[in-house]
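Since the structure comes first, as structure tokens, the remarks are kept for the end.
The values are calculated or read from the model by the stated rules, or taken from the named source; none is laboratory data. Computed from a predicted structure; not experimentally measured. Counting neighbours? That spans all protein chains shown, and the Cβs are built from the backbone with ideal geometry, glycine included.
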Amino acid sequence: MRTVCQIPHRLMRITVTSWNEKYQLRFELDRYEQVFKVDQTDTSIPALEDLANRMAESVLHGFVSMRAGFLEHSND
């Protein structure tokens with residue numbers, strides 16, 4: 001796996017990696033992670049950067065939901 005670029009964001013680490021002819025668009029916040037895979041033939045790095053910026057708010061909501069689920073089940 002090769003890191004292609006980092007996309008700046010104020011709260012999350014956003015990384016684009018390349019592996020097995022796919023780009024992985026990886027969002028990380030605290031101990032949570034969301035990864036989206038895209039065929040390299042279907043997109044470009046600038047298009048992925050634009051996609052990441054458009055997805056950022058919904059990804060943050062996903063992290064909130066992930067954390068709530070984790071806390072709900074870890075206190076059993």
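Looking at region 10-20 only, could you name the residues that are modelled with pLDDT of 95 or more and either outside any loop (DSSP other than H, G, I, E, B) or touching a helix residue (DSSP H, G or I) at 6+ places or on another chain (Cβ under 6 Å) (or both)?
R13, I14, T15, V16, T17, S18 - these are the residues of region 10-20 that are modelled with pLDDT of 95 or more and either outside any loop (DSSP other than H, G, I, E, B) or touching a helix residue (DSSP H, G or I) at 6+ places or on another chain (Cβ under 6 Å) (or both).
Pull up region 38-58, narrow it to residues that are among the β-branched types (V, I, T) and either surrounded by 13 or more Cβ atoms within 10 Å (Cβ to Cβ) or touching a Gly at 6+ places or on another chain (Cβ under 8 Å) (or both), then point me to the one that is farthest from M12 (Cα to Cα).
At the first step, the residues of region 38-58 found to be among the β-branched types (V, I, T) are 38, 41, 43, 45.
If we keep only those that are either surrounded by 13 or more Cβ atoms within 10 Å (Cβ to Cβ) or touching a Gly at 6+ places or on another chain (Cβ under 8 Å) (or both) too, we end up with 38, 43, 45.
Numbers: V38: 20, T43: 22, I45: 18 Å.
In this case the residue turns out to be T43.
Criterion first (without any contact (Cβ under 8 Å) to a residue 60 or more places away in the chain and either surrounded by fewer than 14 Cβ atoms within 10 Å (Cβ to Cβ) or small (G, A, S) (or both)) does H61 satisfy it?
yes
When only residues in region 5-16 that are of a type in the set (A, V, I, L, M) and buried (at least 16 other Cβ atoms within 10 Å of the Cβ) count, which is farthest from D50 (Cα to Cα)?
M12
Regarding D42, is this residue free of Cβ contacts under 8 Å to residues at least 12 places away in the same chain and either under 27 Å from V64 (Cβ atoms) or of a type in the set (D, E, K, R) (or both)?
Answer is yes for this residue.
Results for (1) in a helix (DSSP H, G or I); (2) among the small types (G, A, S), shown as yes or no for each residue.
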residue: Y23; (1), (2): no, no
residue: F27; (1), (2): no, no
residue: F36; (1), (2): no, no
residue: L48; (1), (2): yes, no
residue: L60; (1), (2): yes, no
residue: S65; (1), (2): yes, yes
residue: A68; (1), (2): yes, yes
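Can you list residue pairs whose Cβ atoms sit under 6 Å apart, with the first residue in region 17-37 being crowded, with 17+ Cβ neighbours inside 10 Å and the second being in a strand (DSSP E or B) and among the aliphatic types (A, V, I, L, M)? Count only pairs 6 or more apart in sequence or on different chains.
Matching pairs, first to second residue: Y23/V16; Y23/V38; Q24/V35; L25/V16; R26/V35; F27/I14.
How many residues, within region 23-42, are over 14 Å from the mean Cα position of the chain (by Cα) and within 17 Å of R2 (Cα to Cα)? Break it down into steps so the answer makes sense when it comes.
Step one: list which residues in region 23-42 are over 14 Å from the mean Cα position of the chain (by Cα), which gives 39-42.
Adding the requirement that they be within 17 Å of R2 (Cα to Cα) leaves 39-41.
Looking only at that region, the number is 3.
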